[in-house]
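Colleague: Can you read through this structure? Questions will come right after.
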């Protein structure tokens, strides 16, 4: 299986699988390597940016404290009340805004919105949009000017 490089569709698929994997990790505590191995066996991954999927699924759990500290100031409610899908989506967005400067901030926000529309509650995409927009303003000021 090869990485699809910078193919936007392959990246979108990597984010979708990473979101599902992070959700499982948050809910079950299963190790990232176990989740990844199962996803690679049970899903059609030939059009997924596997390197990106691997990076998101393994790096985000390693730095959740950092990511959560970035997200928390931009929330309008208690961190503990975040839905697990919202939390995983925000962690992916925070990770990309902070550590993947090659991904434009508008793409990060849009991808977060799309993930929330597919996997989140009915209006969670609006919440994701608001939080990631505020976070991008603090992390990507130069890019937004």
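Colleague: Return yes when residue 56 is surrounded by 13 or more Cβ atoms within 10 Å (Cβ to Cβ), part of a helix (DSSP H, G or I) and free of Cβ contacts under 8 Å to residues at least 60 places away in the same chain and no when it is not.
Modeller: Yes, satisfied.
Colleague: Still on this structure: Which residues, taken from segment 83-100, are assigned to a helix (DSSP H, G or I), closer than 19 Å to residue 114 by Cα and touching a residue at least 40 places away in the same chain (Cβ under 8 Å)? If you could, list the steps in order and put the result at the bottom.
Modeller: Pass one, segment 83-100, residues assigned to a helix (DSSP H, G or I): 84-99.
After this cut, where a residue has to be closer than 19 Å to residue 114 by Cα as well, the list is 84-97.
Hits for segment 83-100 are 84, 85, 86, 87, 88, 89, 90, 91, 92, 93, 94, 97.
Colleague: Further question on the same structure: For segment 60-82, indicate whether the set of residues that are touching a helix residue (DSSP H, G or I) at 6+ places or on another chain (Cβ under 8 Å), outside any loop (DSSP other than H, G, I, E, B) and under 14 Å from residue 16 (Cβ atoms) is non-empty.
Modeller: Within segment 60-82, not a single residue is touching a helix residue (DSSP H, G or I) at 6+ places or on another chain (Cβ under 8 Å), outside any loop (DSSP other than H, G, I, E, B) and under 14 Å from residue 16 (Cβ atoms).
Colleague: Can I ask one more? Being out of contact with any strand residue (DSSP E or B) (no Cβ under 8 Å at 6 or more places or on another chain), without any contact (Cβ under 8 Å) to a residue 60 or more places away in the chain and not in a helix (DSSP H, G or I) is the requirement here; does residue 132 meet it?
Modeller: On the way: out of contact with any strand residue (DSSP E or B) (no Cβ under 8 Å at 6 or more places or on another chain): yes; without any contact (Cβ under 8 Å) to a residue 60 or more places away in the chain: yes; not in a helix (DSSP H, G or I): no.
No.
Colleague: Here's something else I'd like to know. Only one of (1) assigned to a helix (DSSP H, G or I); (2) crowded, with 16+ Cβ neighbours inside 10 Å is not met by residue 33, so which one is it?
Modeller: It is condition (2) that residue 33 fails.
Computed from the coordinates by the stated procedures, all read-outs in this text should not be read as laboratory data. Because the structure is predicted, anything quoted here is derived from the model rather than measured. Neighbour counts run over all protein chains shown; Cβ positions are idealised from the backbone, glycine included.
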